[in-house]
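Beneath this line is the structure, given in structure tokens, with notes to follow.
The values are calculated or read from the model by the stated rules, or taken from the named source; none is laboratory data. On a predicted model such as this, the values are computed, not experimentally measured, just so you know. Neighbour counts run over all protein chains shown; Cβ positions are idealised from the backbone, glycine included. All accessible areas refer to the heavy atoms of the entire protein, side chains included, with ligands and DNA or RNA removed. Shrake-Rupley method; radii C 1.70, N 1.55, O 1.52, S 1.80 Å.
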Amino acid sequence: MWTHILRTQLAVDAETFWACVRDKKLPDRGAPETVTQKEPLPLYLVRALSELGVKESESLALTAAQAAQLLSEKMAERYGPQRSS
């Protein structure tokens, strides 16, 4: 019964179990996958770029700084450069 519990519930062999108990050596369960999360793009940038003809998939591939720069360029194309008075 002991071997059955080790094998089916704990998924280790006796040697690995006792190494964990005596030496506090954790069994190798595989490292969890690390997922790097990208900073979310503010919705106002996605909406503004969409209104200027940029596809959402293209917008979402950009960083916030890149999206802001693209928005600036698209607005300059559409409305012309702003003149200071």
Could you provide, to the nearest whole Å², the per residue accessible area of the chain with probe 1.4 Å?
-> 89
May I ask you to give the percent of accessible area on the chain that is carbon plus sulfur, with a probe radius of 1.4 Å?
-> 54
Whole-angstrom gap from the stretch 1-55 to the stretch 57-79, using each part's C-alpha centre | 35
Over the stretch 1-70, relative contact order from alpha-carbon pairs under 8 Å, at least 6 apart, % | 20
Have a look at the chain and give its Rg and Dmax from the Cα atoms, expressed in angstrom.
-> 27.8, 87
Taking only Cα atoms and a 10 Å spring cutoff, compute GNM fluctuations for the chain and point out the largest among T36, T63, T16.
-> T16
For the chain, with a Gaussian network of springs between Cα atoms less than 10 Å apart, report the residue from A67, A14, A48 with the top mean-square fluctuation.
-> A14
Ignoring everything but the protein chains, give the 1.4 Å probe accessible area of M75 in square angstrom, nearest 10.
-> 90
Between Q69 and E33, what is the FRET efficiency for a Förster distance of 35 Å, r being their Cβ-Cβ separation, to the nearest 0.05?
-> 0.60
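What ranking of D23, D28 comes out by heavy-atom accessible area, probe 1.4 Å, highest first?
Largest to smallest exposure gives the sequence D28, D23.
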Select from K55, K38, K24 the residue whose mean-square fluctuation is largest in a Gaussian network model of the chain (Cα-Cα springs shorter than 10 Å).
-> K24
